[in-house]
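Below you'll find the structure, written out as structure tokens, and then a few comments.
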Amino acid sequence: VFESHGGTSPPPYSSSSSNKDDDVVLATYTKHSTKDAYFRIGPALPSPENDEMEEYWRKVVVDVTNTIPSSTDANKRNKLNMEVDKLSKWLNRHQPISLAVNAKRSQVFDLGRDLFENTSLVVTTIGSTDKEDAPPAMTCQARPQDAECFGEFPPRKSMGLYTKYPVIIPSSTPSYDTHYRKEYLESLTLEDLYSGTECPTFVKEWLSDITDGTTRGYCVELVRYLSDATKENPKRGFGTGRTALWGLQRPPMLEGCRTLLRCGADSSFDDLSPVFLPFYVTNARSQVELSVDESNSELLDRLVKHDLDNHVFKVVVEGEATLEQRLAKEGDNFYNIVRIQSKNEEGYPMPGQFVSLYLPMGHIKSTMKNDEEFVKYFGQSGKW
């Protein structure tokens, strides 16, 4: 792709030995004196707000951002919370694969959990700067052989531009292009939920209201998958050098951050059901918002029926023009925006691949082996 595989063009830079004022003004980065590496130190995150980030393929480019205060008094604490929220939004926007968090052992758990719960990265590593047997997290890698599950997820709102499904490691490669037989799905009934699946009454009522037998069977299969995947959640890794927790997660818990499901004038209850159920049947139900076209009275009547006693999801009735105006103003508050489509003609995929389009997964680990304090603290997080 690039001549001699040298990577992308370097960022705008000045020589580290240059003292010219003009160089300082015009340059964004400083080039290392002997290496093909570039760095920048300043108060801003690596990309302007609402702008794309240049990844500099095959280039060593380091940004050091220093905006978080070191003091713990009340005013500085508020400033710290604001900066952590700002960093969380940046992480959600650009969706890097991994995050390493280092601080004093007495502080790193709180900081790490805030960032873990506010984002959806597939790898989060917790280190320390003052405990010898919990060394700093110097890398952001994972060991799938030790159940440190990870993957590659584009930013949620643009996932469809890059991939059909995000890559999860480890996983079965053939499953990414596998679909259920219609006959099998049509054979499933609500009775198939009762073998080890705790299914609330309001979920059974929703499933009973699905008209198409194939769609209803697939939704039964989704509920069974979610029940199995979260029966023990998080799960503990079995590596001996460090301590990991992994499993299916809720979307970012950052205040105001939610997933918007848009139902157009022709969207049916059956069309909505497979996408909506991963939220409706889990603790992510408060993080989803339904936007329904004002002309879709049939779907609105069905939603009123199912939410009448539960009040567990938000419905906004609006036309397309109103929705676009709202997204222009508050689009950054949405972790994901999904336009509900009619049933795919090629059939329904494996539940793991389907759910990965809407719910995060991955792991968080401590650099300390047998870290029971870490397991207890992060195992109780509301993110799982």
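Nothing in this text is a laboratory measurement; each read-out follows from the coordinates by a stated rule. For clarity, every value in this text was computed on a predicted model and none was experimentally measured. We place every Cβ from the backbone using ideal geometry, glycine too, and count neighbours over all the protein chains shown.
Things to note:
- Neighbour-limited loop hits for GluC sites (Glu not before Pro), region 205-242 (at most 14 other Cβ within 10 Å; DSSP other than H, G, I, E, B): GLU232
- Spin-label model, GLU294 to SER172: label points 7 Å out along the Cα-to-beta-carbon direction sit 4.8 nm apart.
- Cβ-derived FRET efficiency at R0 56 Å, ASP133 paired with SER342, nearest 0.05: 0.50
- Stretching CYS199 away from LYS104 to a fully extended chain increases their span by 29.9 nm, per 0.36 nm per residue minus the current alpha-carbon distance.
- For region 337-351, Karplus couplings with θ = phi - 60° (6.51, -1.76, 1.60), whole Hz, Gly/Pro x: 10, 10, 9, 5, 10, 5, 4, 5, 5, 7, x, 8, x, 4, x
- Charge tally for ASP114 (other residues, Cβ to Cβ under 13 Å; Lys, Arg +1; Asp, Glu -1): 0.
- DSSP bridge orientation in region 229-384 - percent antiparallel, rounded to nearest 5: 35 percent
- Rounded to the nearest 20, the size of the Cβ-charge dipole of region 213-316 about its Cα centre is 760 debye, with Lys and Arg at +1 and Asp and Glu at -1.
- 3J(HN,Hα) from dihedral phi, region 166-174, Karplus parametrisation 6.51/-1.76/1.60, rounded to Hz, x for glycine, proline: x, 7, 10, 10, x, 7, 7, 4, x
- Per-residue ³J(HN,Hα) for region 319-336, Karplus 6.51 cos²θ - 1.76 cosθ + 1.60, θ = phi - 60°, Hz, x for Gly and Pro: x, 5, 5, 5, 4, 4, 5, 5, 5, 5, 8, 10, x, 5, 7, 9, 5, 8
- Principal-axis tilt of helix 105-118 within the chain, Cα atoms, nearest 10 degrees: 50 degrees
- Mean Cα-pair separation over length for the chain, i.e. relative contact order, pairs under 8 Å, 6 or more apart, %: 18 percent
- Amide H contacts under 5 Å for LEU99, placed H, 5+ residues apart: VAL123, THR124, THR125
- About its Cα centre, region 122-249 has a charge dipole of approximately 320 debye under the convention of +1 per Lys or Arg Cβ and -1 per Asp or Glu Cβ, with nothing else charged.
- Value of [θ]222 nm, deg cm²/dmol, for the chain, DSSP H segments ≥ 4, -39500 (n - 2.57) each, nearest 500: -9500 deg cm²/dmol
- A simple count of charges around THR139, restricted to other residues whose Cβ falls under 13 Å of its Cβ and scoring Lys, Arg +1 and Asp, Glu -1, yields +2.
- Percent RCO, i.e. relative contact order, over region 214-333, from Cα pairs under 8 Å lying at least 6 residues apart: 23 percent
- Positive-end residue of ALA244, LEU185, LEU226, charge dipole of region 169-271 with Cβ unit charges: ALA244
- When each of LYS131/LYS231; LYS89/LYS369; LYS59/LYS104; LYS79/LYS329; LYS182/LYS343; LYS31/LYS365 is checked by Cα-Cα distance, pairs over 23 Å: LYS131/LYS231; LYS89/LYS369; LYS59/LYS104; LYS79/LYS329; LYS31/LYS365
- The chain: angle of helix 74-94 to the longest principal axis, Cα-based, in degrees nearest 10: 70 degrees
- Projecting the Cα atoms of VAL355, ASN344, ALA328 onto the charge dipole of region 295-384, computed from C-beta unit charges around the Cα centre, puts VAL355 farthest toward the positive end.
- The chain - Kirkwood radius from inverse mean 1/r over Cα pairs (Å): 23.3 Å
- Beta bridges assigned by DSSP with both partners in the chain are antiparallel in approximately 30 percent of cases.
- Only Lys, Arg, Asp and Glu carry charge here, each on its Cβ (+1 for the first two, -1 for the last two); on that basis the chain has a dipole of about 1280 debye about its Cα centre.
- A Förster radius of 22 Å, combined with the Cβ-Cβ distance separating LYS164 from SER227, puts the computed FRET efficiency at roughly 0.30.
- On Cα atoms only, tilt of 297-307 relative to the major axis of the chain in degrees: 80 degrees
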